[in-house]
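**Student:** Just passing along the structure, written as structure tokens.
Here, each number is a calculation from the coordinates, and none is a lab measurement. Remember, predicted model here, so these are calculated numbers, not experimental data. Note: ideal-geometry Cβ built from the backbone for every residue, glycine included; neighbour counts use all protein chains shown.
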Amino acid sequence: MDKVVKEVSQEIKGAADRLTSNVSKVIVGKKETVELVLVALLCEGHVLIEDVPGIGKTMLAKAVARSLGCSFKRIQCTPDLLPSDVTGIQYFNQKASEFEFRPGPIMANIVLVDEINRATPRTQSCLLECMQEQQVTVDLETVSLPRPFLIIATQNPVELEGTFPLPEAQLDRFLLRVGLGYPTEDDEGEILSRFQQENPLDNLTSVIEAEELLEIQKLCRQVYVESSIRSYAVAIARATRSHKDIRLGASPRASLGLHLASQALAAIRGRNYVIPDDIKYLAVPTLAHRLIAKTEAHLRGRSVGEIVSEIVSTVSVPVEEQR
Amino acid sequence: MKLGWQKGVLYVAIIGMEGCWLYALMALLNKEVGGACLSVHGMLIVYPLAFVFNMLLQHLRCPKACIWGVSWLAWALSMLLIVKVQLFGDLPLLDSAWLLSVPRSIAEVIYTFRPELLILLGTGVMWWLGRRLSYLKVDFGALVSEFQFGLLILLIAFFAASQLRVELGSSVPMVLTFFLFALLGISIAHALEGTSWLSGLYQGHWSGLLLITISLVLLLGLLISAVVTPGFLQLAVAALKWFVGLILKLIALIASLFPEPEPAELPPATPMPEMEPSEVFKMWTVPESVRSGLRIGFYVLWLGLIVVALWRISSDIFGWLRRKLAGMAGAEFESLPGAFRADVLGWLKRICLRLLGLRLPIHLGARTRAMLPEIASVRQIYRQLLRWATAAGWPRHISQTPYEYLHALAQLMPEAQGDLDLITEQYVRTRYGALLLTEDELYQLRQSWRNVSQNKLRKRGKYKWIK
């Protein structure tokens, strides 16, 4: 039994390594971010990439989509984008004399929703059903989305003019929020070198097929989570609800997301069990975007990420007690 | 080999071992306190019967309390049956005399120990052992424990028999049978663990060698039993007596060289006046029942004093050993303050709870979920590491994970980083992954902990390690 589990974890690790190295041909020096996107992919979550322009958010999403060999669609959000532009429409086919459903760009395995905060709240809301229930309802007709289904949304936190902040319900549906950050000096030099002749994205081939991905997603759920680790994740989520600087704490969906993400991270790192380091590592990317800090904390210049880190540093890790 | 067959042999081995020491014990008690009127073989049937009966009961889909009740009811019936057959064979079945003999023997226990009581206690113990065996997870550890315990009981029984001048009869075949079952059971259990040479390439050779060794041991035992006969022993004792007599004669010869002292004359003894007991003395005469109670209390007091004295002496011996070991190079002694006291208190608490029946309905027949020894060892080693590091001024913060703490420890002892890595890695595997370590991995882990602890000893002065 142990041997089988070990083989399974090695299989997942092998697939993760293949994907990471493939994406790294385009995205230089951002292994951790790629790993987090992969975590979301393996637990059927969605990713919000938040960073300043020109960092490579869209490039990352495209590289992941190309590496997966799945269908890929892109939605460029603008204030005049309508929900029907995303979900699709029912139109009257005069030849057939009946209404037919024309699917929108959401009907793909990987959907890049670029600059999501530029869409109006009405359009943003049409994504709620897609993200949580993996289906769309158009004119009383409900259509299931293809599996695997992953939304990679990007947003620019700096340029806020003409944007609509994402509501909490929407943010809570993103499993992870990641940032890319500026590359180091060496990495930036490497980027220039790689893009000198041609765009490496054009030569990117798929390394994992959709069926294999679905199988890996199932296997990730079998990663062992010891009861004390589960309690540790719950303790962190509960601590956010009583922290003095937090107005809105983490939801049960957040703790569930942390639990699932830790399983995926463990599998990616070649383990068939979750350790406290996984939970700690994922606490900020999983929880920070779901919390609302109090105004006083904002005025003191504290970010939600800092507050989550502080919470994690106060929660007791389940380790052997000294007797 | 099929698993069922192997398990069956292991059960037979345990039954054989326990049967041997039970036989020795029961034979001794039968001759010493039972008046040698009981058939030990007849009583021993209860033990395998209890095992089989309780094994069958486990397949019933009944509440545990119900199974427990049925099991002990069956014991009561079998005990009464043995009383009837062995002591009251001539009485009719419906005669109340033999039925009342058991409670009567309990009531008269202060004054006399009757054979009925021996049957009650003996069959009770055997039934409990058989029931315990039916729930026992039979593996290598269980076989070794049974062997050690059985050997101890056998030695105690033989020692007691020699002191009380009780002839146990078939002691040699009993010992040989005990060792036969023990060797057979332990070797098969070891092979079943999968780490034995019996499961390797040369299992045929080794199995043959094992059988030859067992045969040789048995032959040697038979040879010794043939040579060391009572006549031989009497001859040896006579030789010893002659030698002692020779020494005494020599002492007498030396003593005769010195003059004897003249005996002093003693005054005649004064006769004691005859005194009659006063009325007050008669009034305050303590009744027999109170005196019995006081006597029991007195014995308990003595027993308590002996236990306390043993505890004190043991503590002193351990203290002396500790001082001695502390002075040896490369050796260390880790104190466990309060561990013995905690064990004794835990033991007493368990007994009290059992007697009060508090845990009985809940845990009846249930196997306690004890931690596996491999996991317990790993966790114990990590706990020791934490304790040592805390004493050195590097306590683990509550929010530190084992790997984060490893970085801190590596700063403390960079030369032991490999060993610390291994200890942390294995701890994480067993603690969070519930993975069992192999024998080799456990050995490596213990070796690493030894290296780390020796490293710490060398740095005692530098880092102020725990004394």
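**Student:** Would any residue of segment A:142-175 have its amide N under 17 Å from a label point 7 Å out along Cα→Cβ of A:Ser206? List them or say none.
**Tutor:** From segment A:142-175, the list is A:146-151.
**Student:** For segment B:379-410 and segment A:266-323, what is the separation of their Cα centres, given in Å?
**Tutor:** Each part's Cα centre sits 21 Å from the other's.
**Student:** Which aspartates and glutamates, on any chain, are close to A:Lys218 with Cα under 13 Å apart, when same-chain ones fewer than 8 places away are left out?
**Tutor:** A:Glu11, A:Glu44
**Student:** By a straight-distance test (C-alpha under 17 Å), which aspartates and glutamates pair with A:Lys25 as possible cross-link partners, with residues fewer than eight away in the same chain excluded?
**Tutor:** A:Asp17, A:Glu35, A:Asp186, A:Asp187, A:Glu188, A:Glu190, A:Glu198, A:Asp202
**Student:** Would you kindly derive the ³J(HN,Hα) couplings of segment A:37-49 from the backbone phi angles with the Karplus curve 6.51 cos²θ - 1.76 cosθ + 1.60 (θ = phi - 60°), listing them in order in whole Hz, with x for Gly and Pro?
**Tutor:** 4, 5, 4, 4, 4, 6, 10, 6, x, 10, 10, 10, 9
**Student:** How much mean residue ellipticity at 222 nm does chain A get from its helices, if each DSSP H run of length 4 or more adds -39500 (n - 2.57) and you divide by all residues, to the nearest 500 deg cm²/dmol?
**Tutor:** Here the helix-only value at 222 nm equals -14000 deg cm²/dmol.
**Student:** Can you tally the net charge around B:Thr123? Count Lys and Arg as +1, Asp and Glu as -1, for every other residue whose Cβ sits under 13 Å from the Cβ of B:Thr123.
**Tutor:** Net charge around B:Thr123: +1.
**Student:** Count charges around A:Asn203 for me, please; just the other residues with Cβ under 15 Å from its Cβ, Lys/Arg as +1, Asp/Glu as -1.
**Tutor:** Neighbourhood net charge equals +2.
**Student:** A further question on this structure: Using the beta-carbon distance between B:Ser289 and B:Val144 and R0 = 35 Å, what value does 1/(1 + (r/R0)^6) give for FRET efficiency, to the nearest 0.05?
**Tutor:** 0.15
**Student:** Starting from the amide H of A:Ile89, placed 1.01 Å from N in the peptide plane, find each other amide H under 5 Å away whose residue is 5 or more places distant or on another chain.
**Tutor:** Residues meeting the amide H criterion: A:Arg102, A:Gly104.
**Student:** While we're on this one: If you average the sequence gap of Cα pairs under 8 Å that are 6 or more apart and divide by the length of segment B:1-107, what percent do you get for the contact order?
**Tutor:** The normalised contact order for segment B:1-107 reaches 20 percent.
**Student:** Report, to the nearest 10°, how far helix A:227-241 tilts away from the longest principal axis of the Cα atoms in chain A, using its own Cα long axis and a range of 0 to 90°.
**Tutor:** 70
**Student:** Cα axis of helix A:2-23 to longest principal axis of chain A: angle in degrees, 0 to 90, nearest 10?
**Tutor:** Long axis of A:2-23 versus the principal axis of chain A: about 60 degrees.
**Student:** Using Cα positions and a limit of under 17 Å, work out the aspartates and glutamates in reach of B:Lys7, with same-chain residues fewer than 8 apart set aside.
**Tutor:** Counting by Cα, and skipping residues close in sequence, B:Lys7 has these aspartates and glutamates nearby: B:Glu18, B:Asp139, B:Glu146, B:Glu193.
**Student:** Taking amide H atoms as placed 1.01 Å from N in the peptide plane, list the residues 5 or more away in sequence, or in a different chain, whose amide H sits under 5 Å from that of A:Val317.
**Tutor:** Long-range HN contacts for A:Val317: B:Ser399, B:Gln400.
**Student:** Pairs of Cα atoms under 8 Å, at least six residues apart: use those to get the relative contact order of chain A, whole percent.
**Tutor:** 22
**Student:** Here's something else I'd like to know. From the Cα gyration tensor of segment A:250-323, with a ≥ b ≥ c the square roots of its eigenvalues, which class applies: rounded if a/c is under 1.5, or else prolate if a/b is larger than b/c, or else oblate?
**Tutor:** Here segment A:250-323 falls in the oblate category.
**Student:** While we're on this one: Note down the nm distance, to one decimal, between modelled labels 7 Å out along Cα→Cβ at B:Ser207 and at B:Cys62.
**Tutor:** 4.1
**Student:** Which shape class applies to segment A:179-263: rounded if a/c is under 1.5, otherwise prolate when a/b exceeds b/c and oblate if not, where a ≥ b ≥ c are the square roots of the Cα gyration tensor eigenvalues?
**Tutor:** Since a/c reaches 1.5 but b/c is at least a/b, the shape of segment A:179-263 is classed as oblate.
**Student:** Which of rounded, prolate or oblate describes segment A:109-222 when judged by the alpha-carbon gyration tensor and an a/c cut-off of 1.5?
**Tutor:** oblate
**Student:** Could you list, in their original order, any pairs among B:Lys31/B:Lys84; A:Lys31/A:Lys280; A:Lys73/A:Lys95 whose Cα atoms are separated by more than 22 Å?
**Tutor:** The answer is A:Lys73/A:Lys95.
**Student:** Excluding B:Thr424 itself, calculate the net charge of residues whose Cβ lies under 12 Å from the Cβ of B:Thr424, where each Lys or Arg counts +1 and each Asp or Glu counts -1.
**Tutor:** -3
**Student:** Here's something else I'd like to know. How much length is gained on full extension from B:Glu260 to B:Ala376, taking 0.36 nm per residue of separation minus their Cα-Cα distance?
**Tutor:** Roughly 34.5 nm would be gained on extension.
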